[in-house]
Amino acid sequence: MEPIVISTWQHGLEANEEAYRNLNENANSLDSVERGLTVTENNPEVHSVGYGGLPDNEGRVTLDAALMDWKARIGSVIGIEHIKNPIRLARVILEDTEHTILSGDGAFTFAIRNGFEPELLLTEYSLKKYLEWKSQGSGKAEERHTDRDTFNDYHDTIGMIAMDKFGNITSGCTTSGLAWKLHGRVGDSPIIGAGLYNDAAVGAAASTGRGEECIRACGSFYIVEMMRQGLSPTEACRRACERVYKLNLLSSKNRDHKYQVGFIAMNISGEVGAFSIRSGFQYAVMKNNINTLFDSEFLIDEKYIIEDL
Ligand code: GLY
């Protein structure tokens, strides 16, 4: 098979390069996704992933990450602190434990026992932004999504799906979650079926954006099941966006309607697609040695009147 990798947002371009380089050197998709996502985790300019990710309401950088491979093996990390590469830890959980998910202090202890070094993940920049938020706000937790940041062009969780030369697909996600989230809040990225899903007979999906809305819809699982029924990756992502949108309204009409969710997907033929709730979502695809950033199709015209739905 021709290797291919798709990932979310502009920061996916850099991650794709590393994943694709590995795929081209005959690495499997699990190795390639892990190595690609590590690039984003290490970049302090990406304020929503890994080192330099914006902290929670207590000023603590807590990270979520997960991997799922073509053998339905899972490794997921929730709310870990002081570990720069949670995606590497997810890989250790996937391969070396009987478990699927480790969280918080237990995940940290497991990491140290497995040779990970504790590190400070709050950068001068993210501390400055946190102190600005503290001084402007009431001091209470405030749900503020990183896709509202205008600091630069980078946004939110990176999700990645890769197919290797053997036709095997792996998906992965890594994120610091919502900026200023309530300490302990968990988003979609480490939740299997929400942030990512993988089925060797069908393909895989991954998400980015407001985790609460993706969790409500089991978004990535839903996309894989839609592809199983014969839908293209793009059409399956569109159906998932419709589901996210409806369930958001059903769960609490007019509550925080201004969220973004974006999905990417790949089927076992190597076809890829994406769709998002509203405009602005971008995704990066690398194949045949060409890495391209695309604007996703989206569901909602910003002028849409919510009462008319
Ligand atoms: N999509 C990442 C999060 O909501 O935490």
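The values are calculated or read from the model by the stated rules, or taken from the named source; none is laboratory data. Computed from a predicted model, the values in this text were never measured in an experiment. In this analysis, Cβ positions are derived from the backbone assuming ideal geometry, glycine residues included, and neighbour counts consider all displayed protein chains. Please note that ligands, DNA and RNA were not included when accessible areas were found on the heavy atoms of the full protein model with its side chains. Shrake-Rupley method; radii C 1.70, N 1.55, O 1.52, S 1.80 Å.
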If you place +1 on the Cβ of every Lys and Arg, -1 on the Cβ of every Asp and Glu, and leave all else neutral, what size is the dipole of the chain about its Cα centre, to the nearest 20 Debye?
560 debye
To the nearest 10 Å², what's GLU225's accessible area with a 1.4 Å probe?
40 Å²
Based on C-alpha coordinates, I'd like the Rg and Dmax of segment 1-110, in Å.
14.1, 47
Using alpha-carbon pairs under 8 Å, 6+ residues apart, how would you state the relative contact order of the chain in percent?
22 percent
In the Gaussian network model of the chain, springs joining C-alpha atoms below 10 Å, which of ASN28, ASN42, ASN289 carries the largest mean-square fluctuation?
ASN289
On the protein heavy atoms, probe 1.4 angstrom, tell me the percent of accessible surface of segment 41-93 carried by carbon and sulfur.
43 percent
Based on alpha-carbon atoms only, what is the radius of gyration of segment 248-300 relative to the globular estimate 2.2 N^0.38 Å?
1.44
Shape call for the chain, from the Cα gyration tensor axes a ≥ b ≥ c (a/c under 1.5 means rounded, otherwise prolate when a/b beats b/c, else oblate), comes out oblate
Ordering LEU131, LEU102 by the accessible surface of their heavy atoms, 1.4 Å probe, largest first, yields LEU131, LEU102
Using protein chains only and a probe of 1.4 angstrom, how many square angstrom of THR292 are accessible, to the nearest 10?
50 Å²
Quote the relative contact order of segment 22-67 in percent (integer), defining contacts as alpha-carbon pairs under 8 Å separated by 6+ residues.
21 percent
Just going by the charge dipole of the chain, with Lys and Arg at +1 and Asp and Glu at -1 on Cβ, which of PRO3, LEU299, PHE166 is farthest out on the positive end?
LEU299
Note: LEU127 to ASN114 extended length (0.36 nm per residue) minus current alpha-carbon separation gives 1.8 nm
For the chain, what does the helix formula give at 222 nm: sum of -39500 (n - 2.57) over DSSP H segments with n ≥ 4, over the residue count, nearest 500 deg cm²/dmol?
-10000 deg cm²/dmol
Computed magnitude of the charge dipole of segment 12-76 (debye, nearest 20; Cβ of K, R +1, Cβ of D, E -1)
220 debye
So which of LYS128/LYS258; LYS134/LYS258; LYS71/LYS258; LYS84/LYS246; LYS84/LYS128; LYS71/LYS287 end up more than 29 Å apart, counting from Cα to Cα?
LYS71/LYS258; LYS84/LYS246
Per residue, how much accessible area does the chain show when a 1.4 Å probe rolls over the protein heavy atoms, in square angstrom?
41 Å²
Debye log10 I(q)/I(0) for segment 173-284, one point scatterer per Cα, at q = 0.12, 0.23 Å⁻¹
-0.37, -1.25
Give, in nm to one decimal, the length gained when the segment between ILE290 and ASN24 is fully stretched (0.36 nm per residue of separation minus the Cα-Cα distance).
94.5 nm
